[in-house]
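Trainee: Here it is, the structure, as structure tokens.
The values are calculated or read from the model by the stated rules, or taken from the named source; none is laboratory data. The model shown is predicted, which means the values in this text are computed figures rather than measured ones. So basically every Cβ, Gly included, is an ideal-geometry build from the backbone, and we count neighbours across all protein chains shown.
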Amino acid sequence: MNKILIVFIALGFSSGILAQNPAIPQLPKNWSGIVSVTSMGNTYQTKMKQKSNDGVMPFNSFDISATITLLKQDGRHLEFLYRSTNYESRYIGTLSADGKQIQIAYQQGSGSYTLNGDTLSGCGSGRGGKGYFKDWLNTYATWCEEFTATR
């Protein structure tokens, strides 16, 4: 009798814990928006054809249209494809327990997003770019972006 009582208490306790976890939201598949980038380094110096007379790398800033496609969502685990006119990368991410934050990582950097309805906004930083190895060594960028779900 005591064993049966212990089993019922254990089941009740575990189901109470499971009931407290909110449902994981299913994210929209497609997002489009604007990315603001500030960067410095060899890659952008070459593109800008700027030379520094004092040895300090010049910086570049620009806004660019981009899209994010949700390739896979397995619960809180995410895989994205990011595309702009001059860059494409796969991101991996994790959705927070409350479904309002996403932490991402990609080959050259990391960042985080906040979900608010159909808006995805966030900032991060990266290193490197496309091209020769020398272009990767001293290239740094920070970015902030805002996307809207396109259903």
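Trainee: Considering only residues that are farther than 21 Å from Ser32 by Cβ and of a type in the set (Ser, Thr, Tyr), which ones fall in region 69-99?
Mentor: Result: Thr94, Ser96.
Trainee: Let me ask you something else. Anything in region 87-105 that is of a type outside the set (Asp, Glu) and touching a residue at least 24 places away in the same chain (Cβ under 8 Å)? List them, or say none.
Mentor: Let us first name the residues in region 87-105 that are of a type outside the set (Asp, Glu), namely 87, 89-97, 99-105.
Scanning region 87-105 gives Tyr87, Leu95, Ala97, Gly99, Ile102, Ile104.
Trainee: On to the next question. Quick check: is even one residue across region 30-37 at pLDDT 90 or above, over 20 Å from Cys144 (Cα atoms) and surrounded by fewer than 16 Cβ atoms within 10 Å (Cβ to Cβ)?
Mentor: No, because not a single residue in region 30-37 is at pLDDT 90 or above, over 20 Å from Cys144 (Cα atoms) and surrounded by fewer than 16 Cβ atoms within 10 Å (Cβ to Cβ).
Matching residues to (1) of a type in the set (S, T, N, Q); (2) modelled with pLDDT of 85 or more; (3) surrounded by 14 or more Cβ atoms within 10 Å (Cβ to Cβ):
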position: Ser52; (1), (2), (3): yes, no, no
position: Arg76; (1), (2), (3): no, yes, yes
position: Glu79; (1), (2), (3): no, yes, yes
position: Asn86; (1), (2), (3): yes, no, no
position: Tyr140; (1), (2), (3): no, no, yes
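Trainee: Go through Gly93, Gly99, Gly109 for me and flag whichever is of a type in the set (Gly, Ala, Ser), at pLDDT 95 or above and either in contact with a Gly (Cβ under 7 Å, 6 or more places away or on another chain) or under 22 Å from Ala23 (Cβ atoms) (or both).
Mentor: Gly93
Trainee: Select from region 78-113 the residues that are in a strand (DSSP E or B), closer than 20 Å to Ile64 by Cα and polar (S, T, N, Q) and list them in ascending order.
Mentor: Result: Ser84, Ser89, Ser110, Ser112.
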